[in-house]
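The values are calculated or read from the model by the stated rules, or taken from the named source; none is laboratory data. Bear in mind the structure is a predicted one, so any value in this text is a computation, not a measurement. Note that each Cβ is placed from the backbone with ideal geometry, even for glycine, and that neighbours are counted across all protein chains shown.
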Amino acid sequence: VQQASRSLQFFYSSSPHSKVDHIVLAGGSASSPGMDELLQEELGVETMIVNPFASMSLSARVKPQTLSNDAPALLIACGLALRSFD
């Protein structure tokens with residue numbers, strides 16, 4: 001929470017914007033239980049955990065719950081994989 005608060009303070013001081021409407025969490029730490037609720041409560045900004053696979057169809061061999069748990073850490077890999085598609 002402290003690092004997110006500092007990042008927001010830096011953003012406000014280095015940009016013309018004075019408000020953030022939404023925070024999207026990514027990376028391995030985003031999957032920590034309650035992280036999104038804690039940040040939303042402490043910072044007063046709507047917060048959600050990213051899932052780049054949310055609107056993708058999955059193979060039957062993929063376990064949806066496991067993928068959902070790992071999704072925030074796979075955001076960059078997913079984006080890079082999608083670069084080659086039109």
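Looking at 29, 57, 14, which is the one that is under 14 Å from the mean Cα position of the chain (by Cα) and of a type in the set (Ser, Thr, Tyr)? Full working, then the answer.
Details: 57 fails: under 14 Å from the mean Cα position of the chain (by Cα); 14 fails: under 14 Å from the mean Cα position of the chain (by Cα).
29 is the lone residue from the list that is under 14 Å from the mean Cα position of the chain (by Cα) and of a type in the set (Ser, Thr, Tyr).
Being among the hydroxyl-bearing types (Ser, Thr, Tyr) and at pLDDT 95 or above narrows it down to one residue among 68, 29, 14; which is it? Spell out how you get there, then give the answer.
On the way: 68 fails: at pLDDT 95 or above; 29 fails: at pLDDT 95 or above.
Sole residue among the options that is among the hydroxyl-bearing types (Ser, Thr, Tyr) and at pLDDT 95 or above: 14.
List pairs: first residue in the range 60-76 and under 17 Å from residue 32 (Cβ atoms), second residue of a type in the set (Phe, Trp, Tyr) anywhere in the structure, Cβ distance under 7 angstrom, at least six positions apart or on different chains.
71/53
Name every residue in the range 41-59 that is among the polar types (S, T, N, Q) and in contact (Cβ under 8 Å) with a residue 12 or more places away in the chain, in order of residue number.
Passing the criteria: 47, 51.
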